[in-house]
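Novice: Let me give you the structure first, and then I'll get to my questions.
The values are calculated or read from the model by the stated rules, or taken from the named source; none is laboratory data. What you are looking at is a predicted structure, and each value in this text was computed from that prediction instead of being measured. Note that each Cβ is placed from the backbone with ideal geometry, even for glycine, and that neighbours are counted across all protein chains shown. Note: areas computed on protein heavy atoms with side chains; ligands, DNA, RNA excluded. Shrake-Rupley method; radii C 1.70, N 1.55, O 1.52, S 1.80 Å.
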Amino acid sequence: MGAENLLKPGLGTSGAFTITVEYTVPDVAEPFADDLAKLAEFVGQDTRVAGMALTDRVPSLTTHDTVDLAVRAAAVSGKMPLVHISGKNRNQDNLREQLQRLIDHGLQNALMITGDEPRSELEDPIILVPAGFTDSVQAIDFAKQTSPDLFVAGAVSSFKYSVAAQTMQYIKMQKKLDRGCDAIYNQVGLDMRKVHELILFAQTQGIGAPIVQALYWPTAVLAKLALQDELPGVVATEAMHEFLKGLSSDPDKGKGRRTRILALQVALCRTWGYAGVHIGGIKSPANIKAVLDAADEMAATRSGDQLWTQWQELWKTPEGQPVATAPANGFYWFKPDGNGLNLREETSVDAPAGASLKYRFMQAIHDVFFSGSMTNGGRMQRLCLCADRRRWLRGSMYRFERACKYPLVQCQGCGSCSLPETAYVCVEASCAKKLPNGPCGGSKVGDECEVRPGVTCAWVKIYRQAHHAGGMGKVAQSFIPAKNVALKHTCSWISMAANRDHRALGLPKPQTDDNPSNK
């Protein structure tokens, strides 16, 4: 492929401020040719833009193929695009196939994401085969093993407003970097203190990987969808919705102020040290150009303090009151600086109160029967290997294991138990997406699961268990490879003894100090 890859050197080595623009791949029932071609032509002509990014099955599971459209975008723009690969309804075989197609077509950049829960009312039931989700940490690891030269990006959300949810987001980000992730893309959000938080966190933690902020055309529709939980992980407030709705009363229907909002975000991200921005929600190349022109003018004529003052002045009601762009009393990693942003001093967190009774019980069982006895010819290992040689004993051991574990953790019989790595919370049972290495970005304000209304996010539960037990270091450092689905409904104790479970595929990395497990 003759397209030039500006994304990899831009984010990886040159230190240039790298801009990508997003094309939302539509459903197969909708046309794409004109919109795609116009945006690709603009990307090819504007030297400020490093390339297009193409989404993967965002509106539905029946969108046009992302790889095919990426090839078209590369041919028209002459620049290598960033291809999203979502884990939504994709197992390891599907992931392998999509990655191989990307490589076979000469595409070199991939953004590996978990993906949002498919909306069943919009999908064909035949397509909604319960393939589940491919964990994004596993996907990044697999992509780098498949092609080490592939430029692989991952995602994070700094827009979490509890210490549990935010800590787990940053821990998962570090796991992605540990598996070879080349760049991190932050979630969309209008709380600029949270945008500032992420880059400050990266700087204070010594994270050298480039960080890119995702931005979106600020409309009342965006805020309304976020308030209705139709945009998982995107946070809005009623005040924000009313403010954005009020822009439509401007003589230009709000286009000018929306352009200034987005341009200020671009300029502020550049000032704060972001490696680039990722702009979505704009179909018109002329509107993108207007945003970039305004951002250039702002960056050239205003200091960082002046840009921030302009942002604060822009976000005021007609009565002159500040518009709340974040939930009240939300958690921030750093203490406030008194001017709407952050100091470099971390927020203190209450000391752990001690492990729960259930945690202590399960930890004691693990230490006695599995920690040492399951290796090097120990008693438990010999027992399990003996049972492995007899079918009836294998079945009996499986039933006995379920009888022991289901009342405690609602064990799902995966055959490759990772309870010690997840603070004795079963992600197979507690996480709607069954993510073994950290949370998705879709949990709601209040730590509620994206998929299961009223249910606390499984990884918030894991944080609470591990934090109180002093086990955050183990959770932070563990990496759980993809489990062998053939082990489903078999005894995980036998799998562990026979070296067939996930521990045989990848071991936790040595613990280091540069992780957020101190929270």
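Novice: Using the beta-carbon distance between Ser60 and His105 and R0 = 22 Å, what value does 1/(1 + (r/R0)^6) give for FRET efficiency, to the nearest 0.05? Present the calculation step by step, with values, prior to reporting the outcome.
Specialist: Working: r = 23 Å, r/R0 = 1.05.
That pair, Ser60 with His105, gives E of 0.45.
Novice: Hey, which of these cross-link pairs are over 26 Å Cα-Cα: Lys144/Lys194; Lys88/Lys175; Lys176/Lys358; Lys160/Lys519? Could the numbers behind the result be given before it?
Specialist: On the way: Lys144/Lys194 30 Å; Lys88/Lys175 20 Å; Lys176/Lys358 30 Å; Lys160/Lys519 14 Å.
Check vs 26 Å cut-off fails for Lys144/Lys194; Lys176/Lys358.
Novice: State, to one decimal in nm, how far the label point of Lys38 lies from the label point of Glu297, with both points 7 Å from Cα in the Cβ direction.
Specialist: 2.3 nm
Novice: On alpha-carbon atoms, Rg over Rh for the chain using Kirkwood Rh?
Specialist: Taking Rg over the Kirkwood Rh, I get 0.99.
Novice: So what's the back-of-envelope 222 nm ellipticity for the chain, counting only DSSP H runs of four-plus at -39500 (n - 2.57) apiece and dividing by all residues, rounded to 500?
Specialist: Calculated mean residue ellipticity at 222 nm is -12500 deg cm²/dmol.
Novice: Please list, in chain and number order, the residues 5+ apart from Asn342 or on another chain whose amide H is under 5 Å from its amide H, with Hs placed from the backbone.
Specialist: Those lying under 5 Å, H to H, from Asn342 are Asp337.
Novice: Also, quick follow-up: Take the Cβ-Cβ distance between Thr347 and Leu393 as r, set R0 to 51 Å, and report the resulting FRET efficiency rounded to the nearest 0.05.
Specialist: Efficiency, rounded to the nearest 0.05: 0.45.
Novice: From the protein chains alone at 1.4 Å, what is the descending order of accessible area for Ser147, Ser303, largest first?
Specialist: My answer, sorted largest first, is Ser303, Ser147.
Novice: Still on this structure: Per 0.36 nm of contour for each residue apart, how much would the distance between Lys283 and Leu227 grow if the chain were fully extended, relative to their Cα-Cα spacing?
Specialist: 17.8 nm
Novice: While we're looking at this one, here's another question. If you restrict to DSSP beta bridges whose two residues both lie in the chain, what percentage is antiparallel, to the nearest 5?
Specialist: Details: 7 of 38 bridges.
For the chain, the DSSP antiparallel bridge percentage is about 20.
Novice: Now for a different question. Measuring from label point to label point, each 7 Å out along Cα→Cβ, what is the His489 to Leu408 span in nm?
Specialist: Distance between the two pseudo-spin positions: 2.4 nm.
Novice: Considering amide H positions built from the backbone, and no H for Pro or chain starts, which residues 5 or more places from Leu82, or on another chain, come under 5 Å of its amide H?
Specialist: Residues meeting the amide H criterion: Met52, Ala53, Leu54.
Novice: How many percent of the alpha carbon pairs in region 233-343 exceed a separation of 16 Å?
Specialist: 66 percent
Novice: Hey, what's region 228-302 come to in accessible area per residue, 1.4 Å probe, Å²?
Specialist: 42 Å²
Novice: Can you give me the % of accessible surface on the chain that is carbon or sulfur? Probe 1.4 Å, all protein chains present, nothing else counted.
Specialist: On the way: 11780 of 22200 Å².
The value for the chain is 53 percent carbon and sulfur by accessible area.
Novice: Same structure again: Label Gln321 and Leu385 with points 7 Å out from Cα along Cα→Cβ: what is the distance between them in nm?
Specialist: Taking the two extended label points, one gets 7.2 nm.
Novice: I've got another one for you. On average, how much area does the Cα convex hull of region 343-501 cover when viewed from any direction, in nm²?
Specialist: Over every viewing direction, the Cα hull of region 343-501 projects on average to 11.1 nm².
Novice: For region 314-326, what does the Karplus curve 6.51 cos²θ - 1.76 cosθ + 1.60, with θ = phi - 60°, yield as ³J(HN,Hα) per residue in whole Hz, taken in order and with x for Gly and Pro?
Specialist: 5, 8, 9, 6, x, 8, x, 8, x, 8, 6, 9, 8
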